[in-house]
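For reference, the structure is listed below as structure tokens.
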Amino acid sequence: MELLAPAGNRDALYAAIENGADAVYLGGKNFSARHSAENFSDEDIARAVEYARSRNRKIYVAVNTLIDDGEFGPALDYAWNLSMMDIDALIVQDLGFMNALRQVLPDIRVHASTQMTIHNIEGVQYLKTQGIKRVVMAREMQMEDIQAVKQAVKNIEIEVFVHGALCFSYSGQCLFSSMVGGRSGNRGRCAQPCRLPYDLYSINSSQRMNKADKGRYLLSPSDLCLIEYLPELQGIGVDSLKIEGRMKRAEYVAVVTRAYREVLDMLQEEPLYRPGRKVRDRLLKIFNRNFTTGLFIFDRNGFLSSKRPNNRGVYVGRVIAQNKDYSTTVKLSDNVSLGDGLEIWVNKGKNPAFVVSDMIIRGVPAAHAYPGDTVEIRLDKRVSPQDRVFKTHDEGLISEALLSIKDAEERKIRVDIIAVLEEGQPLRLILTDERGHRIEEFSSSKAQRAENQPLNESILRSKIDRLGNTPFYLGGVEYLADADLIVPFSEINETRRRAVESLKRLSFNLNRQDIQEVEEFRNNRAKYLALYKGARAQMQPELTIAVSGIDQAYAAIKAGADIVYFDLAGIGQQKRVSIDEMKGLKEYAALFAGQVIPALPRIQKPGEVSSWSSLRAAGFNTIMAGNLGALNWCSNNGINSRVDYSLNIFNSYSLRFMVQQGAERVCISPELNYNCLKNIRGLNYGEVIVHGELILMTSQYCMLKGMLGDGSEQCLGFCHQDRYAIKDDRDYYFPIESDTYCRFYVFNSRTLCMIDDLDKIMALTPAGLRIEARHAQEREVDMVVRLYRRAIDDIISDNKKDLQSYRMELEKITPSPFTRGHYYRGVI
């Protein structure tokens with residue numbers, strides 16, 4: 001199994017490789033899902049490739065954000081530059097960009113990011129047909145799910161996260177940071193609202209439901225740690241083990257990578273090897289929010305770090321007493337040394353955190369203290385007896401980690417050079433590195449008799465010993481030359497430069513493109529980026545609505561919806577809809593010249609996609625797909641498809657690609673603003689969302705059971721007993737729901753409403769105007785559909801009725817305040 005480590009900067013790259021990573025993933029200055037990391041310039045990436053190749057390692061570059069129309073050409077140019085550097089793979093999220101790479105740069109290796117939310121067999125099969133070589137699976141996959149994928153799909157690699165931070169929501173399905181703060185996780189700028197405190201409230205009673213012993217960080221997962229389950233991952237046949245952490249320091253990367261490397265090496269000797277406690281302790285000391293096995297081995301009780309959203313460190317003792325001068329006595333249960341960082345957890349106020357600068361044991365200053373010791377430390381804040389003490393920085397561990405990367409870049413490859421100079425012949429440089437790679441390079445001009453000072457070995461060595469910014473250092477020099485000859489110094493320098501480049505290509509197996517391939521790229525790029533730019537044809541859009549309940553669906557049909565998307569996940573429902581109930585809906589819609597289209601759940605674990613195969617026999621020839629696996633399933637079964645906004649269609653090229661894949665309609669990402677929508681070509685195949693509460697998070701973990709339950713495995717059905725919302729510290733209430741698959745959803749605290757700007761949106765000529773009502777009640781659905789129906793008819797008939805009046809009517813029946821979403825602000 002490959003060990004894949006993160007690098008947010010050059011030191012982290014060295015830490016990863018020097019501590020045993022087989023490959024490193026990193027991001028550039030743009031198009032990276034970790035925009036806040038230091039990241040790498042183009043020059044940095046080129047040097048990283050050379051450094052990795054010199055040690056027989058690989059470099060993967062993440063271009064794993066959504067890309068808008070204006071960025072698409074530059075993104076392709078960036079991919080071309082990366083291919084010129086001969087990186088080992090690109091990691092991508094954007095579907096249009098994935099397709100573009102296949103058409104424009106077919107030789108570049110592409111990996112599907114976890115941001116694509118791939119979580120079933122059909123999704124992996126689909127990506128294989130699109131030329132994807134590796135899929136980074138969703139972190140919500142259980143061991144049995146991954147095993148099912150590996151058994152069903154051959155000749156494609158599977159990558160699995162094994163360590164680091166977890167997201168509460170499925171990656172690629174989180175709009176929380178985007179909608180609340182304008183910083184999109186899909187664009188690499190997540191503000192991590194999941195790490196903020198929230199209170200749980202009953203909507204019915206307005207009662208606060210938090211339990212005192214559970215904490216307020218209701219959406220903050222613990223850190224993933226699967227180091228004890230590497231035998232299982234190896235047995236399944238996982239190809240790559242991924243460590244999360246491009247935002248982490250180099251010391252973290254060094255410690256975590258070394259721990260996993262050691263265990264992987266032991267597995268070669270003992271296939272069932274499990275690491276001892278010391279390995280886990282090292283991982284805990286470098287950073288942890290508690291450790292969990294996440295969903296891989298479902299850890300219901302340990303999944304959330306609800307009391308603390310950041311590094312908790314390791315427990316090292318308790319306070320015994322504190323004097324009036326703040327001199328504090330602590331009884332230790334673990335080692336503490338000078339330079340360590342400690343934090344004392346107090347009952348009230350901010351926890352004192354400090355670096356240990358002096359310690360006294362039995363009246364004597366000490367540099368180190370051990371379990372059982374009672375130490376005296378001076379603080380500047382009040383603490384109480386029995387307060388717990390945690391070590392958040394282990395100076396010894398950090399120093400050891402830093403030592404592993406000391407002078408890493410200076411560890412270069414020896415190269416010996418033979419220079420041959422004969423009268424009337426070009427200068428010939430023969431370079432041989434310490435691994436036996438040998439190249440020859442010739443100067444453009446020929447050697448001539450010197451009129452003044454001829455070339456000698458000393459002068460030649462000074463000219464060819466200019467290897468400072470290369471991965472080589474000069475060893476021996478042998479000068480074979482006729483007497484009194486000269487070659488221009490500029491020629492010597494240029495010949496040396498070309499020789500070093502040739503040796504790099506040979507030694508590091510770099511495949512640089514030639515001029516012919518550059519022209520081919522330019523032609524392919526221009527052809528792919530060409531879009532139809534004709535005038536938008538005026539058309540009457542379909543009024544569509546997405547609902548989760550039978551009563552809401554009937555209300556929508558009767559009120560005048562053209563299309564009702566019925567979400568088969570059953571969000572907020574107590575039971576799944578039956579095929580007979582769906583038939584009844586279909587027949588009722590026909591009476592009103594409407595249509596009911598089943599919407600497959602956006603999350604469908606292995607085996608769940610085909611569970612709705614009876615829909616076709618029931619007469620449903622069109623289905624809305626919420627994930628790539630569902631889209632593939634529809635295509636393979638001859639079912640017409642529509643694409644939901646969960647597939648993150650963010651540009652004209654992704655829209656065009658989906659239409660080429662057979663989609664009748666494509667719902668555009670709600671993260672696009674009005675100006676971006678104006679630039680979308682092919683919107684006559686698209687739907688835009690104009691109203692409703694958007695889903696901000698989709699999670700595999702039921703927070704209600706975690707926060708209200710008693711720790712047992714039994715489900716007490718909290719979702720059926722009440723309706724709930726979480727409240728942040730700014731008093732915004734975010735409704736929460738579960739579905740009939742026990743998945744969990746967080747909805748926006750504001751309802752999108754664009755009815756008073758509907759004329760502007762209709763001028764963009766979308767095929768459909770979408771109402772999101774998966775969380776709405778029957779009465780609200782009825783009124784919203786009726787008013788939007790009237791507004792559309794007014795605009796089509798050029799009725800001058802004030803659209804603002806419709807907005808005012810909607811405000812009377814909508815349970816949350818209105819927002820215009822991203823229409824007039826957009827995301828960064």
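The values are calculated or read from the model by the stated rules, or taken from the named source; none is laboratory data. All of these numbers come straight from a predicted model, not from anything done at the bench. Every residue, glycine as well, gets a Cβ built from its backbone with ideal geometry; the counts of neighbours run over all protein chains shown. Each accessible area value is taken on the protein alone, full model and side chains, heavy atoms only, with ligands, DNA and RNA left out. Shrake-Rupley method; radii C 1.70, N 1.55, O 1.52, S 1.80 Å.
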With criteria (1) closer than 30 Å to Cys194 by Cβ; (2) basic (Lys, Arg); (3) surrounded by 15 or more Cβ atoms within 10 Å (Cβ to Cβ), Lys331 comes up short on (1)
Could you name every one of the strands (runs of 3 or more DSSP E) located completely within region 291-346 that has at least 1 residues being touching a His at 6+ places or on another chain (Cβ under 7 Å)? 341-345
Flagged pairs (Cβ under 6 angstrom, 6 or more apart or on separate chains; first in region 160-178, closer than 19 Å to Leu233 by Cβ; second open to solvent by less than 10 Å² (accessible area, probe 1.4 Å) and assigned to a loop (DSSP other than H, G, I, E, B)) are Val160/Met137; Val160/Val238; Val162/Leu226; Gly164/Gly245; Leu166/Gly294
Take the residues of region 60-77 that are outside any loop (DSSP other than H, G, I, E, B), in contact with a helix residue (DSSP H, G or I) (Cβ under 8 Å, 6 or more places away or on another chain) and not charged (D, E, K, R): which is surrounded by the fewest Cβ atoms within 10 Å (Cβ to Cβ)? Gly70
Single residue of region 636-665 satisfying the filter (in contact with a strand residue (DSSP E or B) (Cβ under 7 Å, 6 or more places away or on another chain) and under 18 Å from Ile603 (Cα atoms)) that is surrounded by the most Cβ atoms within 10 Å (Cβ to Cβ): Val643
When only residues in region 149-172 that are open to solvent by less than 30 Å² (accessible area, probe 1.4 Å) and among the aliphatic types (A, V, I, L, M) count, which is nearest to Tyr260 (Cα to Cα)? Val162
For region 350-370, name all the residues that are open to solvent by less than 80 Å² (accessible area, probe 1.4 Å), under 18 Å from Arg318 (Cβ atoms) and either at pLDDT below 95 or assigned to a loop (DSSP other than H, G, I, E, B) (or both). Asn351, Pro352, Val356, Met359
Within region 447-464, considering residues that are touching a helix residue (DSSP H, G or I) at 6+ places or on another chain (Cβ under 9 Å) and under 28 Å from Asn509 (Cα atoms), the one most open to solvent (accessible area, probe 1.4 Å): Lys463
Determine whether region 773-784 contains at least one residue that is closer than 23 Å to Pro601 by Cα, at pLDDT 95 or above, open to solvent by less than 10 Å² (accessible area, probe 1.4 Å) and among the basic types (Lys, Arg). no
Candidate set: region 412-436, residues that are in contact (Cβ under 8 Å) with a residue 60 or more places away in the chain and either under 31 Å from the mean Cα position of the chain (by Cα) or not in a strand (DSSP E or B) (or both); chosen: the one nearest to Ser458 (Cα to Cα): Glu422
Among the numbered criteria (1) in a helix (DSSP H, G or I); (2) in contact with a strand residue (DSSP E or B) (Cβ under 6 Å, 6 or more places away or on another chain); (3) within 27 Å of Ala46 (Cα to Cα), which one does Gly475 miss? (1)
Hits in region 78-92 (condition: in contact (Cβ under 8 Å) with a residue 60 or more places away in the chain and open to solvent by less than 10 Å² (accessible area, probe 1.4 Å)): Ile91
Are any residues in region 740-763 open to solvent by less than 10 Å² (accessible area, probe 1.4 Å) and farther than 23 Å from Met808 by Cα, and if so, which ones? Arg743, Phe744, Tyr745, Val746
I'd like to know if region 299-319 contains one or more residues that are loosely packed, with under 14 Cβ neighbours inside 10 Å, touching an Asp or Glu at 6+ places or on another chain (Cβ under 8 Å) and not aliphatic (A, V, I, L, M). no
Please tell me if Glu693 is modelled with pLDDT of 95 or more, within 30 Å of Tyr732 (Cα to Cα) and open to solvent by 10 Å² or more (accessible area, probe 1.4 Å). yes
What pairs come out if I take residues in region 400-411 that are touching a residue at least 24 places away in the same chain (Cβ under 8 Å) and pair them with residues that are open to solvent by 80 Å² or more (accessible area, probe 1.4 Å) whose C-beta lies under 7 Å away, six or more apart or interchain? Ile405/Asp11
Determine if region 578-586 includes at least one residue that is under 37 Å from the mean Cα position of the chain (by Cα) and exposed (fewer than 13 other Cβ atoms within 10 Å of the Cβ). yes
Reported set for region 482-509 where residues are of a type in the set (Lys, Arg) and either open to solvent by 80 Å² or more (accessible area, probe 1.4 Å) or more than 28 Å from Asp86 (Cα to Cα) (or both) is Arg497, Arg505
